[in-house]
Structures are given as structure tokens and as C-alpha cells.
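This report refers to the structure that appears directly beneath it.
The values are calculated or read from the model by the stated rules, or taken from the named source; none is laboratory data. These figures come from a predicted structure and were not determined experimentally. In this analysis, Cβ positions are derived from the backbone assuming ideal geometry, glycine residues included, and neighbour counts consider all displayed protein chains. Calculation scope for accessible area: heavy atoms of the full protein, side chains included, ligands and nucleic acids excluded. Shrake-Rupley method; radii C 1.70, N 1.55, O 1.52, S 1.80 Å.
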Amino acid sequence: MKVEVRRMLESMYDLLTDKFHDPIKAWDNLIDFVAVDNCGSLIYQINHKFEWLVEDSKLVKSIQETYNPELLQSDYYDHLGEMYLEKVVGQKQVQQRGLYLTPMNVAESMAAINVGKTDTKVKVLDPAVGTGRLLMAAYKQAPNGPFFGVDVDPRMLRIAF
């Protein structure tokens, strides 16, 4: 886990919270931005555009100074999942809504046991992907495989991206 990745994401969240004055709207725009930046074809699945970004040149400059996609892609740790539980959902709602994320060390153990270190293609399907922890752990074991995740919560799927 790279602390600088978490700091970057929290700074982005803070910028968007200042912009929208609404933590949920800030969160949704953050995960949409990160998801689309990492997989451009997702822009067609996002139900809004990014007018909020292009209309505010000060915000664009701040994001350019803060956001580093290479840094984000260098760390296969579920920073966004942790931030979601801490900043958006809160512990009381976690229990009420049944949101239980597999701890990273458990996901890594499961991947090591079931996938193992290999350069061959290994297909991995997580039918309740949540924020993608098991897929991140599987990628560390077998980076050449196709990875698939399904979830009933669209917000969780965007976090997983």
C-alpha cells in the first residue's frame, strides 16, 4: 500500500467536496472520473457528462496538479473501497446495508491459494466483486489473465474499475 496514493485520492475528494458541498455527489464524481480515466469506454455508461469539470478552470488546474494516474496504477490496493466506507457510508450503515469488504490480507491469501503465481492466462470471476479486492489480489498472482467482476451495486462496480 502506497500512502501517497491514498493522499492523492483524498486530496481529489476534498477538491470535489469543496466544489459540490455534498460528500455523496463529490464521491460519485470522483469515482466516475477515476473509472473513465482508467477505462475511457466507460464514459458511455456514466449517466452524466463532465460539465462540472470543464466549466471550472480553477478546478481543472487543481486536479491537474493533484491527480497522477501513473501513481494510482502503481498500487494494487483498495484505497477507494476504504475511503467509501470511511467517508461516504460510515460504520453504522455498513452493517445495516450488509457491506462487508473482504480484508486485503484475506483476499491475497485466497488468490495465492486458488490462483498461485503464474505467467499463464488464468480466468478469474468474482460474482460479488464489491470494490475489486479479490481481482486486485488475483492480478498480483497472475497478471496475464482476464478478470471479470459482477455486482448488483453500480457504485461498487465503478469503485472496482
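Can you tell me which residue in segment 72-97 is modelled with the highest pLDDT, limited to those that are part of a loop (DSSP other than H, G, I, E, B) and aromatic (Phe, Trp, Tyr)?
77
Counting just the residues of segment 1-19 that are without any contact (Cβ under 8 Å) to a residue 40 or more places away in the chain and under 15 Å from residue 81 (Cα atoms), which one comes out least open to solvent (accessible area, probe 1.4 Å)?
Ranking the candidates gives 3 first.
Hey, can you tell me all the residues within segment 98-107 that are within 17 Å of the chain's Cα centre (by Cα) and either at pLDDT below 75 or open to solvent by 70 Å² or more (accessible area, probe 1.4 Å) (or both)?
Scanning segment 98-107 gives 99, 100.
Can you pull out every residue in segment 101-157 that is assigned to a loop (DSSP other than H, G, I, E, B), under 21 Å from residue 32 (Cα atoms) and in contact with a helix residue (DSSP H, G or I) (Cβ under 6 Å, 6 or more places away or on another chain)?
101, 129, 130, 131, 132, 151
Checking the structure you have, find out if any residue of segment 116-137 is farther than 17 Å from residue 73 by Cα, under 17 Å from the mean Cα position of the chain (by Cα), crowded, with 18+ Cβ neighbours inside 10 Å and among the aliphatic types (A, V, I, L, M).
yes
With respect to residue 42, is the statement that it is modelled with pLDDT of 85 or more, outside any loop (DSSP other than H, G, I, E, B) and more than 13 Å from the chain's Cα centre (by Cα) true?
Answer is no for this residue.
Quickly run through segment 37-56 and pick out the residues that are loosely packed, with under 11 Cβ neighbours inside 10 Å and either touching a residue at least 40 places away in the same chain (Cβ under 8 Å) or among the charged types (D, E, K, R) (or both).
From segment 37-56, those loosely packed, with under 11 Cβ neighbours inside 10 Å are 40-41, 44, 47-49, 51, 54-55; that's our starting set.
Residues satisfying the conditions are 49, 51, 55.
Could you list, in sequence order, all residues of segment 20-36 that are open to solvent by less than 70 Å² (accessible area, probe 1.4 Å) and of a type outside the set (A, V, I, L, M)?
Of everything in segment 20-36, those that are open to solvent by less than 70 Å² (accessible area, probe 1.4 Å) and of a type outside the set (A, V, I, L, M) turn out to be 20, 22, 23, 27, 28, 29, 32, 33.
Within the bounds of segment 64-82, is there any residue that is more than 16 Å from the chain's Cα centre (by Cα), over 19 Å from residue 9 (Cβ atoms) and open to solvent by 70 Å² or more (accessible area, probe 1.4 Å)?
Step one: list which residues in segment 64-82 are more than 16 Å from the chain's Cα centre (by Cα), which gives 64-66.
Right, trim to over 19 Å from residue 9 (Cβ atoms) and you get none.
No - not one qualifying residue is present in segment 64-82.
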